[in-house]
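Okay, so here's the structure we're looking at.
The values are calculated or read from the model by the stated rules, or taken from the named source; none is laboratory data. Only a predicted model underlies this, so the values are computations on that prediction, with no experimental measurement involved. Neighbour counts run over all protein chains shown; Cβ positions are idealised from the backbone, glycine included. Accessible surface is based on the protein model in full, side chains and every heavy atom, while ligands, DNA and RNA are left aside. Shrake-Rupley method; radii C 1.70, N 1.55, O 1.52, S 1.80 Å.
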Amino acid sequence: MSRTAPAEDRASILLVDDMEDNLVALEAVLASLDEPLVRAGSGEEALAALGRQQFAVILLDVRMPGMDGFETATAVKRLDHAKDIPIIFLNGSDTDGGYAFRGYATGAADFLTKPFDPWVLRAKVRVFLELHRGKRQLERLLAREQEQLGRIGDRLAAIEKELAQGDPNDLAVLGHQLRRIEDTLGELRRERGQ
C-alpha cells in the first residue's frame, strides 16, 4: 500500500532558514513524511513562496539576517490567505529566553530549540499536516453541500414558478408538485447519508 497521499491531500511544508546545513537537516528529518518540502533562505523568499502556493505548516528560523523570523511571522500573519498557517519557530540554544515569549506573541503555534529531537519535530509537523488535511476535507464537504443546496433551491424555485402559473384549484398539479418536492428532499437526505 502506498503511503503517498492523494494529490488533493498533499500538504506542502515551508522550511525557512538562512543556513544551508539547517535546511538539509530539516529535509532529512521530514523526508519520511513524504510531503513536498519547499525551501526559503530568507523571510523575503518565504513571503514569495507563500504567494505562489499553499502550505500546511511553516518551520521558521528565528535568527536570520535582514528580515528575522519574528518579522517574517508578523508579515505572514498579515496575509489573508496565509494568516492561519501554523508556524513552528526554530531557535538556537544560545539565544535569549524571551524569544519563546516573543515567538508566541507573533502567532507561533510552537517553539523548538536547536538542536531539536527529530522525532519530536516530525511528530509535531505530522499533527499540523493532519489538521490541514482535516480542514481541507471539511472545506470540500462544505462546498459540495453548498452546491447541493443550490441545486435544490433551483428546483424548488422552478416548482414555485410552475405553481404560480397553474390553476391553484387543480389538485392533480398540486399533487405532482408535492411529489417533486418530496423527491428533491429525499435526494438531499440520500446525499447527506441520512
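Scanning segment 70-125 for residues that are more than 21 Å from residue 42 (Cα to Cα), more than 21 Å from the chain's Cα centre (by Cα) and modelled with pLDDT of 85 or more gives 117, 118, 119, 120.
Among the residues of segment 144-151, at least one is hydrophobic (A, V, I, L, M, F, W, C), open to solvent by 50 Å² or more (accessible area, probe 1.4 Å) and modelled with pLDDT under 85. Scanning segment 82-123 for residues being surrounded by 13 or more Cβ atoms within 10 Å (Cβ to Cβ) and touching a residue at least 12 places away in the same chain (Cβ under 8 Å) gives a total of 26. Only helices (runs of 4 or more DSSP H) whose full extent lies in segment 6-81 are considered here, and the ones with at least 1 residues that are open to solvent by 30 Å² or more (accessible area, probe 1.4 Å) and touching a strand residue (DSSP E or B) at 6+ places or on another chain (Cβ under 6 Å) are 20-30. Using the structure shown, decide if residue 16 is over 19 Å from residue 119 (Cβ atoms) and at pLDDT below 95. No; evaluated as a whole, the condition is false for this residue.
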